[in-house]
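Below is one structure, written out as structure tokens; comments come after it.
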Amino acid sequence: MSRGHLILARRYKTQIGEIDLISIKRGRIAFIEVKRRDSREACEASITPRLRQRVRRASDLWLARHERYQRHQLGFDIVFVMPWRWPVYIPNGL
């Protein structure tokens, strides 16, 4: 929210997978994966091809259920949360 995003959903769960955050900012829908680990390296290692695929499939399902957002630009972003550091936001990191 501090980056100007309006949160549309938190922990959106489907049979396919879960999306941590879904937000909109200036006509762009962001499907955001949040990873909390002890280091950036551990955060990066947790982003697997299987995770990417699950988030993308779940986003397809969310878009099918929310037709008004289907024509928006899409992004698949990541937020890394580590102790004693500011969160790291990576647009289109997925």
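The values are calculated or read from the model by the stated rules, or taken from the named source; none is laboratory data. Here the structure is a predicted model, which is why all the values come from computation and not from measurement. Here the Cβ is made from the backbone with ideal geometry for all residues, glycine too, and neighbour counts use every protein chain on show. Ligands, DNA and RNA are excluded from the accessible area calculation, which covers all protein heavy atoms including side chains. Shrake-Rupley method; radii C 1.70, N 1.55, O 1.52, S 1.80 Å.
Go over the candidates S23, S46, S59 one by one and state the one that is under 12 Å from the mean Cα position of the chain (by Cα) and without any contact (Cβ under 8 Å) to a residue 24 or more places away in the chain.
Checking each option against the conditions leaves just S23.
Can you find, within region 44-94, the residue that is modelled with the lowest pLDDT among those that are aromatic (F, W, Y) and within 17 Å of L8 (Cα to Cα)? Give the steps one after another, and end with the answer.
Kept after step one, since they are aromatic (F, W, Y), are these residues of region 44-94: 62, 69, 76, 80, 84, 86, 89.
Filter once more, keeping what is within 17 Å of L8 (Cα to Cα): 62, 69, 76.
Numbers: W62: 95, Y69: 92, F76: 96.
Once the filter is applied, the top-ranked residue is Y69.
Residue by residue through region 4-39, note down the ones that are among the basic types (K, R), surrounded by 12 or more Cβ atoms within 10 Å (Cβ to Cβ) and not in a strand (DSSP E or B).
Selection gives R37 alone.
I'd like to know if region 68-77 contains one or more residues that are open to solvent by 50 Å² or more (accessible area, probe 1.4 Å) and part of a strand (DSSP E or B).
Filtering region 68-77 down to residues open to solvent by 50 Å² or more (accessible area, probe 1.4 Å) leaves 68, 70-74.
Then drop every residue that is not part of a strand (DSSP E or B), which leaves 73-74.
Checking region 68-77: at least one residue is open to solvent by 50 Å² or more (accessible area, probe 1.4 Å) and part of a strand (DSSP E or B).
Please tell me if L63 is touching an Asp or Glu at 6+ places or on another chain (Cβ under 9 Å) and open to solvent by less than 30 Å² (accessible area, probe 1.4 Å). Steps first, answer last, please.
Details: touching an Asp or Glu at 6+ places or on another chain (Cβ under 9 Å): no; open to solvent by less than 30 Å² (accessible area, probe 1.4 Å): yes.
When the stated conditions are applied, L63 does not pass them.
Among F80, F76, F31, which is the only one that is touching a residue at least 24 places away in the same chain (Cβ under 8 Å), touching a Cys at 6+ places or on another chain (Cβ under 9 Å) and aromatic (F, W, Y)? Explain how you work it out, then say what you get.
Values: F76 fails: touching a Cys at 6+ places or on another chain (Cβ under 9 Å); F31 fails: touching a Cys at 6+ places or on another chain (Cβ under 9 Å).
Being touching a residue at least 24 places away in the same chain (Cβ under 8 Å), touching a Cys at 6+ places or on another chain (Cβ under 9 Å) and aromatic (F, W, Y) holds for just one of F80, F76, F31, which is F80.
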